Amino acid sequence: MKHLGILLSGRGSNFEAIATAVASGKISDTRIAIVISNREDAGGITRARELGIETLVFPSKGKAREEHDSEVVAALQQHKVDLVCLAGYMRLLSPWFVKQFPHRILNIHPSLLPAFPGLEAQEQAFAYGVKIAGCTVHLVDEELDHGPIILQKAIPVLDTDDEQSLAERILEQEHIAYSEAINLVLNGEFKILGRKIIASDRLPER
Ligand code: GAR
């Protein structure tokens, strides 16, 4: 049985999609051991409590990053977390945090990285006038929205789209992508070659 730790700061729809995939067995032999937020008012925390999943809140306001990160890491370790999933966790992790879970922290971002990292990626993409948008699940490194890419989902931007409809259709893809990526990582069916993540059965022969 694998243990997931989810970190979130807001609404928590990606967390909820993961919880649904775990409950239905789409992500099998796995449980969400802990949901952690830096904000008590995060909708995702309320939802996790409703679902009977253990939650912890460590307010980050006014605290040094290292101090806050050490509280979060200690909680993840106490809950024997195998994989950390950032699901709308709006904080950059310290290099020390990243080292505690090598290749075991995932993030989801609502753009086709490396385009539009940072805040409000969907709005950035819409304003730029791209014709293809989407989302990315990647391994977390020390830089923002940056580590090796596990998978991406692309959608066309329609002439009829506005910022909101585009964000909604990207979010639908996020909910599909995150569970797929978690399965891939938990099953260890890939190798990391520099920035490239390659399915084990497709590795070049030596
Ligand atoms: C999602 O769109 C996620 O991709 C984004 O925050 C939103 C959280 O929504 N994350 C980032 O922008 C990370 N840089 P949710 O709380 O409903 O899952």
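The values are calculated or read from the model by the stated rules, or taken from the named source; none is laboratory data. All values derive from a computational prediction rather than experimental measurement. All Cβ positions, even for glycine, are placed from backbone atoms using ideal geometry, and neighbour counts span all protein chains on display.
Consider region 92-119 and keep the residues that are within 14 Å of Ala133 (Cα to Cα) and without any contact (Cβ under 8 Å) to a residue 60 or more places away in the chain. The one that is nearest to the ligand (Cβ to nearest atom) is His109.
Remark: pairs (first residue in region 1-29, more than 12 Å from Ile176 (Cα to Cα) and of a type outside the set (D, E, K, R); second residue within 11 Å of the ligand (Cβ to nearest atom) and part of a helix (DSSP H, G or I); Cβ separation under 6 Å; 6+ apart in sequence or on different chains) = Ile6/Phe15; Leu8/Phe15; Leu8/Gly44; Gly12/Gly43; Gly12/Gly44; Gly12/Arg47.
Within the set Phe126, Phe116, the sole residue that is surrounded by 17 or more Cβ atoms within 10 Å (Cβ to Cβ) and either at pLDDT below 95 or in a helix (DSSP H, G or I) (or both) turns out to be Phe126. Selection within region 1-43: residues that are more than 16 Å from the ligand (Cβ to nearest atom) and of a type in the set (Ser, Thr, Tyr). The member of this set that is nearest to Asp69 (Cα to Cα) is Thr30.
If a residue has to be surrounded by 15 or more Cβ atoms within 10 Å (Cβ to Cβ), within 16 Å of the ligand (Cβ to nearest atom) and in a loop (DSSP other than H, G, I, E, B) to count, how many in region 76-91 make the cut? Can you show your working first?
Going through region 76-91, the residues surrounded by 15 or more Cβ atoms within 10 Å (Cβ to Cβ) turn out to be 76, 79, 81-89, 91.
Restricting the remaining residues to those that are within 16 Å of the ligand (Cβ to nearest atom) gives 84-89, 91.
From the residues that got through so far, the ones that are in a loop (DSSP other than H, G, I, E, B) too are 87-89, 91.
Selection size over region 76-91: 4.
From the list Asp141, Asp159, which residue is within 14 Å of the ligand (Cβ to nearest atom), of a type in the set (D, E, K, R) and surrounded by fewer than 20 Cβ atoms within 10 Å (Cβ to Cβ)? Give the derivation first.
On the way: Asp159 fails: within 14 Å of the ligand (Cβ to nearest atom).
Criteria check complete, one pass: Asp141.
Pick out the one residue from Thr46, Thr55 that is among the hydroxyl-bearing types (Ser, Thr, Tyr), over 17 Å from Val140 (Cβ atoms) and within 13 Å of the ligand (Cβ to nearest atom).
Numbers: Thr55 fails: within 13 Å of the ligand (Cβ to nearest atom).
Just one listed residue meets the conditions, Thr46.
Considering Glu71, Glu40, the condition of being more than 14 Å from the chain's Cα centre (by Cα) and exposed (fewer than 13 other Cβ atoms within 10 Å of the Cβ) is satisfied by Glu40 alone.
Return yes or no: is Ala121 aliphatic (A, V, I, L, M) and at pLDDT 95 or above? In short, yes.
Among the residues of region 162-174, those that are of a type outside the set (S, T, N, Q) and either away from the ligand (no atom under 12 Å from the Cβ) or touching a strand residue (DSSP E or B) at 6+ places or on another chain (Cβ under 7 Å) (or both) comprise Asp162, Glu163, Leu166, Arg169, Ile170, Glu174.
Counting only strands (runs of 3 or more DSSP E) that fall entirely inside region 141-206 and contain at least 2 residues that are closer than 26 Å to Met1 by Cβ and at pLDDT 95 or above, the qualifying elements are 149-156.
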